[in-house]
Structures are given as structure tokens and as C-alpha cells.
Amino acid sequence: MKAAVFYGKEDIRVETIADITPKAGEVLIQIKACGVCGTDMHIYDGAEGAAKTTPPTILGHEFSGIVQAVGDGVHRVKAGDRVCVDPNDMCGECWYCKQGAGHFCENMIGIGTTINGGFAEFCVVREKQVYTIPDALSFEEAAMAEPIACCLHGMDLTGIRPGETVLIVGGGTIGLIMLQLVKLSGAAMVILAEPIAAKREKAMMLGADIVLDPATENLEDVMAKHSIYAINAAIECVGNVSTMRYAIDHTGKGGTAMLFGLTAPEARMDILPFDLFKNEITVKASFINPYTQTRAIALLGRHKIDVKSLITDIVPLDDINDIFAKKRYQGHGKIIVKP
């Protein structure tokens, strides 16, 4: 079969490798669509993503496809089923798993990070990581279930209540998913800060109440113009120290700053504890997608989340280096790789 194999920093090669067959408890999936995540970019650039990647490994953890074959003991899915995959395979036996915090699993298997993933024609995964998808849902949309699941965990931790004012920092794919989830949560006012005009336009189309360019517009002035007294929650979706600082600085008294974006492992940020103290600000982070995949598929299947408008490029597997090495498509929107 054909696969894009990661051999190390800035080295991905499309190769023909041995065909794979499912063992007991495993499912063989023909990949139909695999999203390119910021984590994939981090790994390609030599940084660590959500888990440590040891080359050679096939990256790609946001994928959907058709079940081609199943191993012994598999009963929940069958050949021909349309499915997507939760790439974070928890052991269920370690201390964290037994405390209901499986995303901190000490034996976590990361499909597309610690083991081979979806930048390939086929992938084998354990049955418990496979989820059937509605017939009306396209494979491209279904590949977005994993990032939506991650965003849902971040939303759960942020605890937005109906009627609140929420700031979203960054209008990329994650920021625009968060925007829609915040609207679904009942927020009365959603502000999105994004320097790229096309992304601000898309944010308005998806329901943002106010968009601004943080490079040229002052948020306090915008709030005063619209009679907004305070921001109850700020969700940072970029992964830069400067944008995280921006989110914290603009979180109102008693509010929550959710630092959702993924920084480089060595990134550091200065925080004044006294400011957190006197304003009673809660700073949180969110790690992967524990127990949220089913909810993500339900939102997609019932068309509560628009991901079609977020997908800007569909790239053949053979041309995957145009995404990574040439960075040809970066900054446009969501990129989907199709074998």
C-alpha cells in the first residue's frame, strides 16, 4: 500500500510499504479522508505534539473511511461500514484511566503519533477506537470529528453559561469550531480577534457578533462601542505566547482564560499572580479529547456544526509534501489529504 512516512524533522516520504491485515480485535480501514492538524505540523518541524513520535511513523490522526476487513472477535463493525476513528487509545488499566481521566493514560497509544496513522491508503486500529458515521455525512466532514471532540473537551472545561460574553482569539479551523460551539452554548455575545481579513469574514458568516483585527484595533475600544462591560471567558486558539497573553489580559474579573492552542514545548510565558489574584481569573488548558467523540459525531450528523466551509484544500496523498515542506496551503483553512 501507499503511505506518507515520517522519518524525522522535515522528512516525509510517500512510499509503497507492505500491506497490512487486522489481528484479533482489530479493524482494517480504507482511508477516505485524513485532516492535517497543527500537531502534524509541529511534529514535522521537529517539535513534540500531544505525544512523542518515534520515526519511522505514518502521521495523520483525523481520519475516516470504510471498513475493509475485521480480525477475530470483532463484532461491533463489519466490512463496508463507514467509520471514523478516535486516535487516542487509552489502556483502561492505569491509575488515571481508573480515575476517569483516561486522557492522562500512562500507556496511551496515539494513532498517527506513536503508531501508524491515516496518511496512507489503509490503517489498522483496535475496534474500540472505531465509530460508525451516518450515511449522509461525507468522509471529509467525518474526518473533522476528532478536532471537534478536542474542542468539546475544552468547552467543557471552560464552562460557558448562556448569556455570557466570550472572546475567541484566532480564526483558524479550531477558532471557527470553537465559535460555533460557543454559539451553541448560548453565549449572548461572541467576539473573535483575528488579523487575517478572510478569516474574519468567515467568522462573521459562522455567527460571530463582533470581529476585530488585534493588530490595528483596540479591544477595549470595541467593547466600549458595543456597551460590553466584561468578557466572561477567553479561548485562545493559536498557540503563541503573545496570543495567550492577550487572552489572559482581556479576561474579565471572575472569568476563565482557556489556553487551547498548542505551543512549542519550550515556550514560556510571564504571568503576574497578583493580577490573577485580584481579578480572580482562572487559567485553564485542555488536553486531547476524552470521552467526547460520540458527541462530536452527533453534532456533525445533525448538522449543528458547519465544517464544510472550513475545508479549503483537498490534496492527494502523493502531493503531501506540498503541505509540509512547501507550506503551500498553510493559512488557508483546513487541509484534507485523500489517498
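Structure notes:
- Rounded FRET efficiency, nearest 0.05, which uses the C-beta distance separating Asn107 from Lys2 and R0 of 51 Å: 0.95
- Comparing Cα centroids, segment 82-121 and segment 187-211 end up 33 angstrom apart.
- Neighbour-count order for Ile58, Ile196, Ile177, fewest beta carbons within 10 angstrom listed first: Ile196, Ile58, Ile177
- Distance between the modelled labels on Asp156 and Ala197, one decimal in nanometres: 4.1 nm (7 Å Cα→Cβ projection).
- Fully extended contour minus Cα-Cα distance, from Thr16 to His226, at 0.36 nm per residue: 69.8 nm
- As a ratio to 2.2 N^0.38 Å, the alpha-carbon radius of gyration computed for segment 101-140 takes the value 1.43.
- For segment 151-285, the alpha carbon convex hull comes to 102 Å³ per residue, rounded to a whole number.
- Angle between the chain longest axis and helix 145-158 axis [Cα atoms, degrees, rounded to 10]: 40 degrees
- By the count of neighbouring beta-carbon atoms within 10 Å, fewest first, Ile160, Ile191, Ile168, Ile109 end up ordered Ile109, Ile160, Ile191, Ile168.
- Here r is the Cβ-Cβ distance between Lys183 and Ala285 and R0 is 30 Å; the resulting FRET efficiency, rounded to 0.05, is 0.85.
- Cβ-derived FRET efficiency at R0 25 Å, His303 paired with Thr132, nearest 0.05: 0.90
- Take every pair of alpha-carbon atoms less than 8 Å apart whose residues are at least six positions apart; their mean separation over the length of the chain yields a relative contact order of 18 percent.
- In loop segments of segment 72-121 as defined by DSSP, the trypsin sites (Lys or Arg not before Pro) with at most 16 further C-beta atoms inside 10 Å of their C-beta are Arg76, Lys78.
- Neighbour counts of C-beta atoms inside 10 Å place Cys94, Cys84, Cys123 in the sequence Cys94, Cys123, Cys84, starting with the fewest.
- Against the chain, whose longest principal axis is taken from its Cα atoms, helix 173-185 shows a tilt of about 70°.
- For segment 168-327, the Cβ-based charge dipole about the Cα centre amounts to some 520 debye (Lys, Arg positive; Asp, Glu negative; other atoms uncharged).
- Label point at Cys94 placed 7 Å out along Cα→Cβ; residues across segment 138-172 whose backbone nitrogen lies under 12 Å: none
- Translational D in µm²/s for segment 160-238 (Stokes-Einstein at 4 °C, 1.567 mPa s, Kirkwood Rh from C-alpha pairs): 107 µm²/s
- Average Cα contact separation per residue, segment 151-285, under 8 Å, 6 or more apart, as relative contact order %: 23 percent
- 11 Å reach of a label modelled at Ile66, 7 Å along Cα-to-Cβ, counting backbone N of segment 11-45: 30-32
- Entries of Lys199/Lys334; Lys202/Lys334; Lys78/Lys304 with Cα pairs more than 20 Å apart: Lys78/Lys304
- For segment 216-313, average projected area of the Cα convex hull in nm²: 9.5 nm²
Just so you know, all these numbers are worked out from the coordinates, no wet-lab data involved. For clarity, every value in this text was computed on a predicted model and none was experimentally measured. So basically every Cβ, Gly included, is an ideal-geometry build from the backbone, and we count neighbours across all protein chains shown.
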